[in-house]
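J.: This is the structure I want to talk about, given as structure tokens.
The values are calculated or read from the model by the stated rules, or taken from the named source; none is laboratory data. None of the values given here were measured: they were computed from a predicted structure. Counting neighbours? That spans all protein chains shown, and the Cβs are built from the backbone with ideal geometry, glycine included. What goes into the accessible areas is simple: the full protein's heavy atoms, side chains included, and nothing from ligands, DNA or RNA. Shrake-Rupley method; radii C 1.70, N 1.55, O 1.52, S 1.80 Å.
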Amino acid sequence: MSPVFPTVREVLALEPVRHGAPRLVAGDAGLDRPVRWVHVAEVPDIATLLGGGELVLTTGIGLPADDAGLRAFVGDLAGVGVSGLVVELGRRYVSGVPRVMAAAAERRGLPLVELRRGTPFVRITEAVHALIVDAQLTELRATEEIHQRFTELSVEGAEPAEVLRQAAELAGCPVVLENLSRQVLAYDPAGENAELLLDGWEQHSRRIRPAGRTAYDPDSGWLVTTVGARGQDWGRLLLRWPAAEAAPPTRLTILIERAASTLALGRLIRRDAEGLERQIHRTLLTALIDHSRPVDEVALRAKALGVTLDRRHLVGVVVRHRSDDPAGDAAAPGADTGPEAGPARLRDLAEAVGQAVRDAKLTALTSAVDDQAVGALLALPDPAAEEKSLAAFATALRRVRLDAAPARPSAPRPARPVDGAVRPAIIVAAGSGVGSLREARRSLVEARQIAEAARRDPRDLPCFRLPHVGLAGLLHLLRDEPRLQTFVERELGALLAYDAQHPREQLLGTLRAYLERGRNKSAAASAAHLSRPAFYERLARIGRILDADLDSVDQCLSLHVALLALDAVRPI
């Protein structure tokens with residue numbers, strides 16, 4: 001799709017202009033400027049009446065006779081942003097425009113064109129304006145197609161990959177969907193090299209900082225809009241505009257916003273295929289977590305399902321995969337890692353949790369509680385049975401998953417190697433037991449937080465409880481706390497920004513090596529595979545960037561806690 005406005009180069013190629021035997025005298029660097037309108041002027045102070053983007057036509061009869069006046073005339077036109085100046089020879093200037101005018105136009109990058117043959121200006125204005133109107137009609141048709149296409153996608157409940165494919169096809173540009181942690185959720189390279197597009201994405205994305213909910217970042221060449229609904233933003237949609245010297249046309253802004261609204265709507269209405277009983281389980285668990293229904297109503301509806309919650313000892317349990325990425329714990333090479341892999345493995349996990357509850361002869365509400373985890377609210381007749389019941393559930397869950405693995409190639413492995421340690425692929429976490437349904441939310445939320453905190457723990461524990469999660473776990477529990485995020489930015493923000501601007505250096509890794517080895521510079525230099533002088537120079541640079549004394553125990557302790565908090569905030 002062509003831009004709305006023709007360029008100066010395109011205008012010079014029109015038949016009425018070519019009839020005037022045009023010759024470019026100066027400002028060839030500005031030939032690709034868009035022409036918003038054509039204006040005929042014969043007075044020197046015309047600049048005050050212009051708004052920018054006009055192609056000015058003149059015979060020169062009213063222009064100043066002195067050099068200073070001509071320089072001022074050209075400077076004023078360039079100052080308001082006109083696209084170019086066309087001078088018809090014969091009335092004021094016979095053999096050519098004055099050299100001082102050409103020199104001034106060249107300095108300002110303003111295209112200056114001579115028409116060496118008389119040409120009615122009205123034919124030029126008619127031709128250019130017709131071109132503009134035709135382009136605007138084309139733009140309107142394109143906008144109508146955008147609305148129609150994304151309305152159909154919304155009604156059909158299209159998956160994110162299909163929404164991005166359509167957006168890239170309509171725009172002819174690469175499109176990327178990322179979450180708020182700058183991790184890519186989906187993309188379409190629009191025929192370009194996907195590996196190059198996504199290489200070092202997080203650092204690249206952090207440098208894209210448009211002003212506003214939908215805006216163009218000219219420094220990076222990306223058009224960006226926020227994705228979310230009901231006041232909850234969960235990602236950004238980015239479209240790369242190749243013509244970095246000019247802002248993208250309005251239709252692309254409309255396109256990216258419609259695509260973002262389609263993605264947000266799809267996320268709201270998309271539901272996994274579940275039976276009615278499983279839907280009710282989900283509704284009741286969600287009601288307990290969100291306080292969206294009175295607890296008495298939850299208890300009544302649960303009892304109707306055969307799950308008695310009154311006068312029971314309640315324990316919240318959350319089961320999740322250690323990795324958010326289905327490809328990170330696939331059981332076999334070639335396992336499904338496409339768009340359906342995430343929802344499919346969450347369904348598998350929910351089925352396994354439900355089966356484990358039945359095998360352990362327990363009573364519970366069970367359902368997925370978010371995109372990565374399955375929750376269970378165990379209803380026990382006696383508080384003394386808590387540990388025994390949790391152990392029975394964990395054993396039954398492991399047995400169910402091991403039994404299912406050979407028949408379901410996409411099921412996660414029981415364990416996988418990470419940094420030399422064997423980490424179980426599934427985490428079972430339990431909150432503190434409570435004596436009433438009104439307190440059940442606290443147990444469920446605690447279990448979810450413990451499950452998050454345990455993702456970096458290499459131990460193969462049957463069930464993680466609050467005492468198992470140490471400092472790193474505490475920071476995971478607090479990772480959504482704005483004050484912790486502010487602390488990380490205050491301590492490490494300058495270094496993270498430096499690394500984003502200098503991706504080859506990655507000084508954060510140098511700082512991590514230094515702190516993790518107890519400030520032993522020799523050991524840290526060896527671990528970082530750097531010579532001691534090079535390592536010392538990097539430490540000095542880190543100290544200058546952070547304005548910190550890296551020989552100070554207190555400052556290094558603060559930086560080390562900030563690193564652990566950064567690990568908690570970032571996804572695995």
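J.: Of the numbered conditions (1) at pLDDT 90 or above; (2) surrounded by fewer than 17 Cβ atoms within 10 Å (Cβ to Cβ); (3) assigned to a loop (DSSP other than H, G, I, E, B), L63 fails exactly one; give the number of that condition.
T.: Checking L63 against (1) at pLDDT 90 or above; (2) surrounded by fewer than 17 Cβ atoms within 10 Å (Cβ to Cβ); (3) assigned to a loop (DSSP other than H, G, I, E, B), the one that fails is (2).
J.: Would you check if L444 is crowded, with 16+ Cβ neighbours inside 10 Å and over 30 Å from T395 (Cα atoms)?
T.: no
J.: Sticking with this structure for a sec: When you go through G90, G51 one by one, which is the residue that is open to solvent by 20 Å² or more (accessible area, probe 1.4 Å), small (G, A, S), assigned to a loop (DSSP other than H, G, I, E, B) and under 17 Å from R123 (Cβ atoms)?
T.: G90
J.: Still on this structure: Cβ-Cβ distance below 7 Å, separation of 6 or more or different chains: which pairs start in region 225-246 with a residue that is in a strand (DSSP E or B) and end on one that is modelled with pLDDT under 75?
T.: A229/L268
J.: Another one. Check E387 against each of (1) open to solvent by less than 30 Å² (accessible area, probe 1.4 Å); (2) at pLDDT 90 or above; (3) of a type in the set (D, E) and name the one condition it does not meet.
T.: Of everything listed in (1) open to solvent by less than 30 Å² (accessible area, probe 1.4 Å); (2) at pLDDT 90 or above; (3) of a type in the set (D, E), E387 misses just condition (1).
J.: Another question, then. Pairs please, first residue from region 153-182 and closer than 17 Å to W241 by Cβ and open to solvent by 10 Å² or more (accessible area, probe 1.4 Å), second anywhere and modelled with pLDDT of 85 or more and among the small types (G, A, S), Cβ atoms under 7 Å, 6+ apart in sequence or on different chains.
T.: Going by the 7 Å Cβ cut-off, the qualifying pairs are G172/A190.
J.: What residue, among those in region 115-153 that are basic (K, R) and over 26 Å from V94 (Cβ atoms), is nearest to the chain's Cα centre (by Cα)?
T.: Filtering first and then ranking leaves R149.
J.: Right, next: Tell me whether region 187-194 contains one or more residues that are more than 30 Å from S95 (Cα to Cα), surrounded by 17 or more Cβ atoms within 10 Å (Cβ to Cβ) and of a type in the set (S, T, Y).
T.: Taking every residue of region 187-194 in turn, at least one turns out to be more than 30 Å from S95 (Cα to Cα), surrounded by 17 or more Cβ atoms within 10 Å (Cβ to Cβ) and of a type in the set (S, T, Y).
J.: Could you please let me know if R456 is among the basic types (K, R) and in contact with a strand residue (DSSP E or B) (Cβ under 7 Å, 6 or more places away or on another chain)?
T.: Spelling it out, it is not the case that R456 is among the basic types (K, R) and in contact with a strand residue (DSSP E or B) (Cβ under 7 Å, 6 or more places away or on another chain).
J.: Given L110, L77, L24, L70, which one is at pLDDT 90 or above, assigned to a strand (DSSP E or B) and either open to solvent by less than 60 Å² (accessible area, probe 1.4 Å) or out of contact with any Phe, Trp or Tyr (no Cβ under 6 Å at 6 or more places or on another chain) (or both)?
T.: Being at pLDDT 90 or above, assigned to a strand (DSSP E or B) and either open to solvent by less than 60 Å² (accessible area, probe 1.4 Å) or out of contact with any Phe, Trp or Tyr (no Cβ under 6 Å at 6 or more places or on another chain) (or both) holds for just one of L110, L77, L24, L70, which is L24.
J.: Shifting gears a bit: Within the set of pairs 6 or more residues apart or between chains, which connect a residue that is crowded, with 21+ Cβ neighbours inside 10 Å inside region 343-358 to a residue that is basic (K, R) and at pLDDT below 85 with Cβ atoms less than 8 Å apart?
T.: Partner pairs satisfying both residue conditions: A350/R278; A352/R401.
J.: For region 142-152, which residues satisfy the criterion of being surrounded by 14 or more Cβ atoms within 10 Å (Cβ to Cβ) and at pLDDT below 85?
T.: Listed by number, the residues that qualify are A142, T143, E145.
J.: A follow-up question, please. Which of (1) out of contact with any Phe, Trp or Tyr (no Cβ under 7 Å at 6 or more places or on another chain); (2) surrounded by 15 or more Cβ atoms within 10 Å (Cβ to Cβ); (3) at pLDDT 90 or above does V4 not meet, given it meets every other one?
T.: (3)
J.: Suppose we keep only residues that are without any contact (Cβ under 8 Å) to a residue 12 or more places away in the chain and open to solvent by 50 Å² or more (accessible area, probe 1.4 Å) within region 197-218. Which one would you say is nearest to E505 (Cα to Cα)? Talk me through it step by step, then tell me what you get.
T.: First, pick out the residues of region 197-218 that are without any contact (Cβ under 8 Å) to a residue 12 or more places away in the chain: 199, 209, 211-212, 215, 217.
Still in the list and also open to solvent by 50 Å² or more (accessible area, probe 1.4 Å): 199, 209, 211-212.
Values: D199: 16, R209: 22, A211: 28, G212: 31 Å.
Filtering first and then ranking leaves D199.
J.: Another question, then. Of the numbered conditions (1) in contact with a Leu (Cβ under 6 Å, 6 or more places away or on another chain); (2) under 21 Å from I132 (Cα atoms); (3) open to solvent by less than 60 Å² (accessible area, probe 1.4 Å); (4) not hydrophobic (A, V, I, L, M, F, W, C), R9 satisfies every one except a single condition; which is it?
T.: All conditions pass for R9, except number (3).
J.: Of all residues being under 19 Å from K521 (Cβ atoms) and open to solvent by less than 40 Å² (accessible area, probe 1.4 Å) in region 559-572, which is nearest to the chain's Cα centre (by Cα)? Just the residue, please.
T.: L563
J.: Answer yes or no as to whether I427 is modelled with pLDDT under 90, touching a strand residue (DSSP E or B) at 6+ places or on another chain (Cβ under 6 Å) and either more than 30 Å from L314 (Cβ to Cβ) or hydrophobic (A, V, I, L, M, F, W, C) (or both).
T.: On the way: modelled with pLDDT under 90: no; touching a strand residue (DSSP E or B) at 6+ places or on another chain (Cβ under 6 Å): yes; either more than 30 Å from L314 (Cβ to Cβ) or hydrophobic (A, V, I, L, M, F, W, C) (or both): yes.
For I427, the condition - modelled with pLDDT under 90, touching a strand residue (DSSP E or B) at 6+ places or on another chain (Cβ under 6 Å) and either more than 30 Å from L314 (Cβ to Cβ) or hydrophobic (A, V, I, L, M, F, W, C) (or both) - is not met.
J.: For region 27-48, how many residues meet the condition of being under 27 Å from T250 (Cβ atoms), assigned to a loop (DSSP other than H, G, I, E, B) and either in contact with a His (Cβ under 8 Å, 6 or more places away or on another chain) or of a type in the set (D, E, K, R) (or both)?
T.: The number of residues fulfilling the criteria is 3.
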